[in-house]
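Asks: Please find one structure pasted underneath; my questions will follow.
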Amino acid sequence: MTYTLIFLAILMAAVVWWLVKQSINVKPWVADSAADAVRTDGVHGLGSYVPLPNIKLGLGVFLAVVTSLFALFVSAYTIRMEYADWRPLLEPNLLWVNTGILVLGSVFLQWAWNAAKRQDRAAIKRGIIGGGICTVAFIIGQLAAWNQLSAAGHFIQSNPANGFFYLITATHALHILGGLFALGKTISRLWQPSSESPEILLGVELCAVYWHYLLAIWLILFALMLNT
Amino acid sequence: MSDVAHDALDFAPPAEVEEMELYHPKTWIGKYVWSQDAKVIAIQYGITAILIGLVALVLSVIMRLQLGFPHTFDFIDPANYLQFVTMHGMIMVIYLLTALFLGGFGNYLIPLMVGARDMVFPYVNMISYWVYLLAVLVLVASIFVPGGSTGAGWTLYPPQAISPGTPGIDGGIILMLVSLVLFIIGFTMGGLNYIVTVLQARTRGMSLMRLPLTVWGIFMATVLALLAFPALFVSAIMMLLDRLVGTSFFMPAMVSLGEQTSYDGGSPLLFQHLFWFFGHPEVYIVALPAFGIVSDLLSTHARKAIFGYRMMVWAIVAIGALSFVVWAHHMYVSGMNPYFGFFFATTTLIIAVPTALKVYNWVLTLWRGNIRLNVPMLFAIGFIFTFINGGLTGLFLGNVTIDLPLSDTYFVVAHFHMVMAVSPILVVFGAIYHWYPKITGRMLNDTLGKIHFWITFLGTYAIYFPMHYLGFEGLPRRYFSYGDTEFMSASSQDLNAAITIAAIIVAFAQIFFLVNLFTSYFRGKLAGPNPWEATTLEWQTADTPPKHGNFGDELPVVYRWAYDYSVPNADLDYIPQNVSPSDLKKPTAGQQGEIEN
Amino acid sequence: MALAYVLIFLIVGSVLFHFISPWYLTPLASNWSTIDLTLDITFWVTGAVFIAVNVFMVYCVIKFRYNAKKRAEYQPENKKLEWWLTGLTSIGVVAMLTPGLFVWNEFVNVPEEAHVVEAIGQQWHWSFRMPGEDGRFGAVESRYVSDDNPLGMETDDPDGQDDIIIISPNVHLPIDKPVKINLRSKDVLHNFAVAQFRVKMDLVPGLITYLWFTPTKLGMFEILCEELCGVGHHTMRGKVIVDTQEDFDTWLAEQPTYAEVLARPVGDALIGQAQYAVCATCHGAQGEGNLPTHGPKLAGQEAWYLRRQINYFKEGTRGAHPDDQFGQEMAPMAATLFNDAAVENVIAYIETLPDMPAPTTITGNIEKGEKIYNVCGYCHGVDGEGIAALNAPRQAGMSDWYLATQLKNFRNRVRGAHDDDMYGMQMTMMADILQTDERVNDVIAYINTLPRPTEQLSLAAREND
């Protein structure tokens, strides 16, 4: 459980730090007429108030939940690894290719995000379509890796490392599929001439953040599976 | 009292939160079934949770019948007894208490108390309820599949949960796990809403340190739930795979009922770690909202500021954070590395400190208060008494050494029912008596409420206090019957019978509550907007019950914390949060629901 | 003010209840007085807090009840008071925790002089193993477990040959000798708990867990399984019999080593046939059972069950109860099988008899019976075929009138109540769900519908053995 605890400790430390800033030297029972205390709180940064879109914070919270989920998978994996029947996983080389494709997808989306900041709609379209194609390719690649493994006689129940491999890759892929749904919405908005730039920027930004995050998670999971 | 100069700031700027666009459906179905209004969703959650909770209540009576009068009732046998135990526990912990506190009270109170029009993602909020309902239906369906529901105990420990020898290893356990997975997905959707709404949608002036403790409790509980439920999710999925495709995540090499199995090398303890990593925060997921709500009930009805607000907030946060590092105190005798015992006993007893402080502060809120002993207050004080008892017995079980004789006995059953069943449910009742006037516009009947309180409070104490002593004597839990166990005194069976009678009385007393809920909706005394003379924003709405959008044309502006009761030199013994210091100097004719003192 | 008075009543009542309650810790029978001491310290600390906080609350409820002419005091916080309370609480917590950690340290570290006993749990009974003279346990593996090798011993391991094998839920221990119990499970989680010894620990399949204690009182103490392990959980009992060293040594000498178990005599059916002549008078020449003579059908019943019951009759574990008329008649008959070889021979002969289904004599409501049998099936098999690993004999196709008598005997504690009949004890607890004779008949009516093995089937099965 160490990994999960480390994650939670960091998260809790952040919450406590943020709360200390909110509460230190505040006398809650003091009333005031200005009623402006609210907009100095930490989510928005200190000092000047920059509204943070709800959906962005929503994504942040969701990513915390996702992190908790994968941290628990990693914890379970490392605990289970210590038992006698653990056999290291046979990693198909295809996984390296898939990782490359996923990195490429992230790069495309970053490109789209940069383009969105410049309001270059054609470049956004190129970036986001490129990202989408890479992502679909990644999922197909993962399925192919599953096929290779099972063709070699490594089924989910063959040994615990295999079990974790199928389980973790499936969970990761499901999260990516969920992302593709959001990506699809952004794409459809891109092709509507009436949609406004801030709206598109937000959509592209959220997708890019999500993709980077899932890439980071994949890299951690992949490293874990390679080294054990 | 404030020393800020008021007069210079006579002008209060309008609420700074962006006005959100609400989806206003035209049809009845759109308003009350596929509703995106958090208040309607809250009521949907509440009704569903109470209905499924009634099922669990009936199951508990059946269990008590067997324990009090063994082998008298021929419809109870050792197999279905375990199924009743499991269903009762699972429903009460997850589908009733978690759903009711977060989905029910969370949805109703968060937007109103922070001064928001609605949750920030109303559509997702709606889906959350429907997924929860689906989870409940799948759970109910598991009772009717061949073999019936699972009888593995609410902890669902493998290998037993999916091995022959336990009831419901076919459809029952599978549907149970699926239902849990659905519940977690639904809850996560709701939970995102609660967090982001509290952080983002607070009205102007509602700083974090002005939030009512109810919101703090629900907020922190949601944080815990979002982080802890993934552990249950992971273990449920892994157990499903063990059951359905024969992986060995949790399943060791074993001989089941004389037959060799194909499992090999899995770790049952891994499941327990994952389960309790969820399971212990789960205790606080239920307790923290109760802590928050009871703080507000006590303050309102004692007409006194909650004592030590900042300490209360910090205690909630500290308890929440610590709750992630105490899980293995459920596993002292599980066969895990015994050296873990030192660490977890220490963390567990440390968590007693902030919890004790909360209790002190509740009692100190009563001290020099002006206590109105109306029904919500009775429940709140009943809660304190019960919680003190349940909390103190936790110090026995948390202390690893004393857990040796007491673990897995009725002492544990008595302890956790006291602390996380009766205590929170007393708060639920108190909260319903408190907020029902806002939800429906009518008061609940006082006499019925008092009858309900006295029977429930005294009855539950009569059930669970003596039960500890059965545990001392050594009566193991989850026993269908204990037969002629030599060390059990003959009179222990009489005590069991007495407990059963008390349990039946308590169960039937809930009829007073249900009748009250139902009849008061049509015939209750009209409540007016603020019958309790409370300060928080939900009592200051333009309409009672509040319409979709909660507040009228303009969102309220908050000038003070939620606990301005009996402020010296004020006209009334309460000042609502949206009354500005400059308004106080003028005649307060505009305020509704005032009572001249 | 009713609330205040009721709260006072509850506080006083709780304290009084504690002192006059006849229900409290069972008298200690081990070295773990320190556990009781830790518990007492916690009781004093928490008891004081319980009284102090609640009395203060009652005081507040009485003193500060609502008065429209008064105002509550306005005091948002009191730092000094809060720090005092934090400090006092912390002291209380330390006072409770410190002794707890010391005692736990003692529990975790087993004294070197402790002798080791292995307790093996399975659904739903106990067995035991002792390391024998070499002081070492032989290797065991889950995959070796079978009806003939219930502990999963590795047959060739030299360390295992002198291991003492105790296929019984009753185990003896010498007084005043620290003992470490190694715990091992064959299937699901169990828990080894003896209330009088105070300590308990789970059995986890795949792991070996342990606990230790020193028995300090002579006598018999019940072992309970305290981790939910399925339908039979509440019947999973055993006994620790604490003996003087001499009595213990005598008992130990009677227990077979693994080598002796392996060398058990094989029955000779031909010799057995002669001895069976005595049995035939009541049980029938073909072991087919005979109602008028109250001899149940034997043919088709499994050897392990016949062996155990014959021995029970011989030892007086069964057939000694004054209300068990037919059992009393059987006891002297069993005594004619004067040694183990004789028992094995007659069993070997019975195993050759043709297994014809016994005639049905009992009718009842089959549907109701099926519901009841749902529980029976967990041990006896869904088809009533019997499962040796669970010590559950076959029911389908056997004499139904005998089944009825025995179910009633179990229910009425005529059978199964003897201290040495631990498997019968399980059945008494299960038979409790057959409250009426009508329900006994219902379940037997259902058992009569179960597949009734024909002679051919059972012959084929025997050839496969």
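Asks: Considering only protein heavy atoms and a 1.4 Å probe, what is the carbon-and-sulfur percentage of the accessible area of chain C?
Replies: 60
Asks: Now for a separate question. Using just the Cα positions, wrap the protein assembly as shown in a convex hull and report its mean projected area in square nanometres, one decimal place.
Replies: On the way: hull surface 206.7 nm².
Averaged projected hull area, Cα only: 51.7 nm².
Asks: List the pairs from C:Lys239/C:Lys368; B:Lys438/C:Lys80; B:Lys525/C:Lys70; B:Lys39/B:Lys304; A:Lys27/C:Lys63 whose alpha-carbon separation is above 31 Å, in the order I gave them.
Replies: Table pairs above 31 Å Cα-Cα are C:Lys239/C:Lys368; B:Lys438/C:Lys80.
Asks: Also, quick follow-up: Show A:His212, A:His172, B:His71 ordered by accessible area, largest first, where the area counts protein heavy atoms only and the probe is 1.4 Å.
Replies: In descending accessible area the options line up as A:His212, B:His71, A:His172.
Asks: Find the centroid of the Cα atoms in the stretch A:137-195 and in the stretch B:223-290, then give the distance between the two in whole Å.
Replies: Answer, in whole Å: 24.
Asks: I've got another one for you. Take the alpha-carbon centre of the stretch C:262-289, take the same for the stretch B:391-424, and report the distance between them in whole Å.
Replies: 57
Asks: Still on this model: Rounded to the nearest 0.05, what FRET efficiency do C:Val55 and B:Ile47 give with R0 = 35 Å and r taken as the Cβ-Cβ distance? Could you check?
Replies: Given R0 = 35 Å and the Cβ-Cβ separation, E is 0.30.
Asks: Moving on. Just how large is the dipole of the protein assembly as shown about the Cα centre, in debye to the nearest 20, putting +1 at every Lys and Arg Cβ and -1 at every Asp and Glu Cβ?
Replies: Dipole magnitude for the protein assembly as shown comes out near 5740 debye.
Asks: Given an 8 Å cut-off on Cα distances and at least 6 residues of separation, report the relative contact order of chain A as a percent.
Replies: Once normalised by length, the contact order is 23 percent.
Asks: Okay, next question. Give the relative contact order (percent, whole number) for chain B; include only Cα pairs under 8 Å separated by 6+ residues.
Replies: On the way: 1001 pairs, mean separation 96.9, N = 597.
Reported as a whole number, the value is 16 percent.
Asks: In units of 2.2 N^0.38 Å, what is the alpha-carbon radius of gyration of the stretch C:168-236?
Replies: Relative to the 2.2 N^0.38 Å estimate, the stretch C:168-236 comes out at 1.12.
Asks: At a cut-off of 30 Å², which residues of the stretch B:404-431 become less accessible once all protein chains are present than in their chain alone, using a 1.4 Å probe?
Replies: Residues meeting the cut-off: B:Leu404, B:Pro405, B:Asp408.
Asks: Among DSSP beta bridges lying fully in the protein assembly as shown, give the percent that are antiparallel, nearest 5.
Replies: In the protein assembly as shown, DSSP labels about 75 percent of beta bridges as antiparallel.
Asks: Just from its helices, what would the mean residue ellipticity at 222 nm be for the protein assembly as shown, if runs of 4 or more DSSP H residues each count -39500 (n - 2.57) and the sum is divided by every residue, rounded to the nearest 500 deg cm²/dmol?
Replies: -19000 deg cm²/dmol
Asks: Rounded to the nearest 100 Å², what is the sum over both chains of accessible area buried where C meets B, with a probe of 1.4 Å?
Replies: The C and B chains share an interface burying roughly 10300 Å².
Asks: For Cα pairs less than 8 Å apart in space and 6+ apart in sequence, what is the mean separation divided by the residue count of chain C, i.e. the relative contact order in percent?
Replies: Once normalised by length, the contact order is 12 percent.
Asks: With Kirkwood's inverse mean 1/r over C-alpha pairs for Rh, give me the Rg to Rh ratio of the stretch A:2-226, two decimals please.
Replies: My calculation of the ratio gives 1.07.
Asks: May I pose another question? If each Cα of the stretch C:362-461 is one equal point scatterer, what is log10 of I(q)/I(0) from the Debye formula at q = 0.16 Å⁻¹?
Replies: Log10 of I(q)/I(0), two decimals: -0.66.
Asks: Can you pull the mean other chain C-beta count within 10 Å for peptide C:106-118?
Replies: Across the residues of C:106-118, the mean count of other-chain Cβ atoms within 10 Å is 1.
Asks: Restricting the count to DSSP beta bridges whose residues both fall in chain C, what percent are antiparallel, rounded to a multiple of 5?
Replies: 70
Asks: Ok, one more. Roughly how big is the B-A contact, given as buried accessible area in Å² (both sides, 1.4 Å probe, nearest 100)?
Replies: For chain B against chain A, roughly 5200 Å² becomes buried.
Asks: Kindly tabulate the residues in the stretch C:205-239 with an accessible-area decrease of at least 30 Å² between the chain alone and the assembly of all protein chains, using a probe of 1.4 Å.
Replies: Residues meeting the cut-off: C:Pro205, C:Leu207, C:Glu222, C:Leu224, C:Glu226, C:Glu227, C:Leu228, C:Gly230, C:Val231, C:His233, C:His234, C:Arg237.
Asks: Can you tell me what share of the DSSP beta bridges in the stretch C:103-205 is antiparallel? A percent to the nearest 5 is fine. Provide the component values of the computation, followed by the final result.
Replies: Working: 13 of 20 bridges.
Here the antiparallel bridges make up roughly 65 percent for the stretch C:103-205.
Asks: Give me the percent of Cα-Cα pairs in the stretch C:405-448 that sit more than 17 Å apart, rounded to a whole number.
Replies: Distances greater than 17 Å cover 28 percent of the Cα pairs.
Asks: Calculate what fraction, in whole %, of the accessible area of the stretch B:476-567 sits on carbon and sulfur atoms when a 1.4 Å probe is rolled over the protein chains. Spell out each step's value before the answer.
Replies: Working: 2250 of 3580 Å².
Exposed carbon and sulfur together represent 63 percent of the surface.
Asks: For chain B, what's the radius of gyration and Dmax over Cα atoms, in angstrom?
Replies: 24.6, 86
Asks: Within chain A, what whole-number % of the accessible surface is contributed by carbon and sulfur, with the 1.4 Å probe and all protein chains included in the calculation?
Replies: It is 69 percent, rounded to a whole number.
Asks: Here's something else I'd like to know. Check cross-link reach from A:Lys125 to the lysines: straight Cα distance under 23 Å, and skip same-chain residues fewer than eight apart.
Replies: A:Lys56, A:Lys117, A:Lys185
Asks: At a probe size of 1.4 Å, how large is the accessible area of B:Asp74, to the nearest 10 Å²?
Replies: Counting only protein heavy atoms, B:Asp74 exposes about 80 Å² to solvent.
Asks: Now, a different point. Between the chain alone and the structure with every protein chain in place, find the residues of the stretch C:75-93 that drop at least 30 Å² of accessible area; heavy atoms, 1.4 Å probe.
Replies: Those residues are C:Gln75, C:Pro76, C:Glu77, C:Leu81, C:Glu82, C:Leu85, C:Thr86, C:Thr89, C:Val93.
Asks: For the protein assembly as shown, report the accessible area per residue in Å² (1.4 Å probe, heavy atoms, rounded to an integer).
Replies: Value for the protein assembly as shown: 36 Å² per residue.
Asks: Excluding residues on the same chain fewer than 8 positions from C:Lys200, give the aspartates and glutamates whose Cα lies under 17 Å from its Cα.
Replies: Of all the aspartates and glutamates, those that pass the test against C:Lys200 - Cα under 17 Å, at least 8 places apart if same chain - are B:Asp403, B:Asp408, B:Glu473, C:Asp36, C:Glu106, C:Glu118, C:Glu222, C:Glu226, C:Glu227.
Asks: Let me ask something else. From zero outward in steps of 10 Å, how is the percent of C-alpha pairs of the stretch C:88-139 spread across the bins?
Replies: 18, 26, 25, 17, 12, 2
Asks: When the Cα centres of the stretch B:301-372 and the stretch C:157-221 are compared, how far apart do they sit, in Å?
Replies: With the stretch B:301-372 and the stretch C:157-221 each reduced to a Cα centre, they are spaced 38 Å.
Asks: Ranked highest first by the average count of other Cβ atoms within 10 Å around their residues, in what order do C:27-37, A:218-228, B:132-142 fall?
Replies: B:132-142, C:27-37, A:218-228
Asks: Let me know the mean shielding of B:229-235 by other chains, meaning the per-residue number of their Cβ atoms within 10 Å of its Cβ.
Replies: 6
Asks: Sticking with this structure for a sec: Would you please give the FRET efficiency between C:Gln325 and C:Ile271, computed as 1/(1 + (r/R0)^6) with r the Cβ-Cβ distance and R0 = 35 Å, to the nearest 0.05?
Replies: 0.70
Asks: Which value in Å does the Kirkwood hydrodynamic radius of chain C take, with 1/r averaged over all unlike C-alpha pairs and then inverted?
Replies: The answer is 26.3 Å.
Asks: Okay, next question. So how long is each side of the stretch A:178-227 along the principal axes, counting just the alpha-carbon atoms, biggest first, in Å?
Replies: Sorted from largest, the Cα extents of the stretch A:178-227 read 50, 16, 11 Å.
The values are calculated or read from the model by the stated rules, or taken from the named source; none is laboratory data. Please read all numbers here as calculations on a predicted model, not as lab measurements. Glycine gets a Cβ as well: all are built from the backbone with ideal geometry, and neighbour counts include every protein chain shown. Surface accessibility is based on the protein's heavy atoms, side chains included, excluding ligands, DNA and RNA. Shrake-Rupley method; radii C 1.70, N 1.55, O 1.52, S 1.80 Å.
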